[in-house]
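Everything on this sheet refers to the single structure shown next.
The values are calculated or read from the model by the stated rules, or taken from the named source; none is laboratory data. Note that the structure is a prediction, hence the values are computed from the model and not measured. Neighbour counts are summed over all protein chains in view; Cβ atoms, including those assigned to glycine, are modelled from backbone coordinates with ideal geometry.
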Amino acid sequence: MDKFLIKGGTPLRGEVSISGAKNAVLPIMAATLLTADPCVIRRVPQLSDVRFMGEILASLGAAVKLDGNTLTVRADNVKGLGDYELIRQMRGSVCILGPLLARSGAAVVSLPGGCVIGARPIDLHLKGLEALGAKVRIDGGYIHARAGKLKGADVFLGGRCGPTVLGTANVMMAATLADGVTLIESAACEPEVVDLACFLNAMGAKIEGAGSPTLTVTGVKRLHGAEHDVIPDRIEAATFAVAAAASRGEVVLRGARADHMRAVLDKLRDAGVSIERSGQDLRISRRGRLKAVDITTLPYAGFPTDAQAQMMVLMTLTPGISVITERIFESRFMHVSELARLGADIAIEGPSAIVKGGRPLSGAKVMASDLRASAALVIAGLAARGETEVSRVYHIDRGYEKIDDKLRGLGARIQRLKVKPALKKAEPEAAEG
Ligand code: EPZ
């Protein structure tokens, strides 16, 4: 188990290349189960979640090869039951359910438990698959789903917090091989859903309306292999943009898609961060004082919940009061108590955090609790005076490709240190995803 040792106070300078998007590549990997032909996916980030998903596909019978950032999958004989322990440990794996059901008519997948950021039920996933004719029952911690031939249907996928990203992915993938037309209303519009639809259409699917709340999928008899380049990770790009501003630096984000990051860039501009676009690159710099801004997380194209923690750090460094409201996950403020160790002044009132900013942060020992909270603690360590030690960085390796190498490339004083495992092996936690 590694930890990071960070010496703060160095402005980040230089260029960083943005990797492929974790939240696009995971459902795209699941989609390879829909065909017996080989699929080649490029710009795949080297993340523990990707390795996990690869092991899950292999446990289902697929041949999986990751060569650098290029992944080849051939799922020519698929069995409907995957490795319980593997699947239980990564929530994102729930999106194998739709493809398995569509491809082999049966699927037994472990129920993803809740995670530190929220209860995260999958009722909408199951409602959508049942609308396509699947018989679903939960038994012994497993989802048992069975269907002769799925049938196209009208499905409304809106939930208490709006659309569901992986729920839309699951139902969209299942509908590609169903008889007839499926209409998904209140579909998620995230760029990762659009990227998945692009890959599926390259496999021969007929999907229209990706990126809008209404998706139409006309079922086809068979899908074939395809090649695909994964979109850049807008949350990784947002994380580096905030790190540049928090460290009073100047950084060029190579290959960032500004059109996928409008809500984040808009808030950074409002706060006084300078953002220049040149082609596929974004130059982020901060010269003067920042201004406190309020943030409410919303489904896409609103402000992403996955950038909330990082933005909170910037507001702790900014004189004034900012109110940050989390509308997507009910307990996504795990980073607040750790930021308080670094001297931040944040009070939680229901779904909102009231940040009294402007007080300089000072280094301390802090512990990561989830993927985005750990990214926020790293940014705080870069901006703080003195030394910060961030433990449990396995959380960050789930979603950021070689983040410490990239930060060192920008001049950060960050070290990755190996921590001898404690004598008693700790039970692995269910990872959010
Ligand atoms: C995806 O999770 C992302 N994960 C999450 O990123 C991201 O935070 C989330 O979308 C929202 O943008 C991946 O793509 C692998 P949801 P997902 O279903 O699809 C409720 C990260 O940091 N809901 O859109 O699981 C749910 O509880 C991760 O990279 C139901 O009530 O999220 C939540 O409150 C964390 N019933 C809301 O909807 C359902 O059946 C949105 O969840 C499904 C969801």
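Looking only at segment 372-424, residues that are over 20 Å from T305 (Cβ atoms) and hydrophobic (A, V, I, L, M, F, W, C) come to 13 in all.
Please verify whether I295 is surrounded by 24 or more Cβ atoms within 10 Å (Cβ to Cβ) and in contact with a Phe, Trp or Tyr (Cβ under 7 Å, 6 or more places away or on another chain), treating the condition exactly as stated. Reasoning before the result, please.
Details: surrounded by 24 or more Cβ atoms within 10 Å (Cβ to Cβ): yes; in contact with a Phe, Trp or Tyr (Cβ under 7 Å, 6 or more places away or on another chain): yes.
Against the criterion (surrounded by 24 or more Cβ atoms within 10 Å (Cβ to Cβ) and in contact with a Phe, Trp or Tyr (Cβ under 7 Å, 6 or more places away or on another chain)), I295 qualifies.
Here's the yes/no breakdown for (1) at pLDDT below 95; (2) closer than 26 Å to I354 by Cβ:
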position: L253; (1), (2): no, no
position: A258; (1), (2): no, no
position: D270; (1), (2): no, yes
position: R277; (1), (2): yes, no
position: L298; (1), (2): no, yes
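Among the residues of segment 31-55, those identified as over 14 Å from the mean Cα position of the chain (by Cα), assigned to a helix (DSSP H, G or I) and crowded, with 24+ Cβ neighbours inside 10 Å are A31, T32, L33, L34. For D195, which of the numbered conditions (1) part of a helix (DSSP H, G or I); (2) over 30 Å from T35 (Cβ atoms) fails to hold? The number of the failed condition is (2). For segment 245-278, a tally of residues being among the acidic types (D, E) and outside any helix (DSSP H, G or I) returns 2.
Of the residues examined, A210 is one that is in a loop (DSSP other than H, G, I, E, B) and crowded, with 19+ Cβ neighbours inside 10 Å. Counting only strands (runs of 3 or more DSSP E) wholly contained in segment 349-424, the ones carrying 3 or more residues that are surrounded by fewer than 24 Cβ atoms within 10 Å (Cβ to Cβ) occupy 352-357, 387-391, 413-418.
Just checking, how many residues over segment 212-256 are among the basic types (K, R) and more than 18 Å from L34 (Cα to Cα)? Reasoning before the result, please.
Restricting attention to segment 212-256, the residues satisfying the condition of being among the basic types (K, R) are 221-222, 234, 248, 254.
Subset that is more than 18 Å from L34 (Cα to Cα): 234, 248, 254.
Here the count works out to 3.
In the set (1) in contact with a Lys or Arg (Cβ under 7 Å, 6 or more places away or on another chain); (2) within 15 Å of the ligand (Cβ to nearest atom); (3) acidic (D, E), E192 fails one condition alone, (1). Is it the case that some residue within segment 133-152 is within 15 Å of the ligand (Cβ to nearest atom) and closer than 19 Å to K221 by Cα? Yes, segment 133-152 contains at least one residue that is within 15 Å of the ligand (Cβ to nearest atom) and closer than 19 Å to K221 by Cα.
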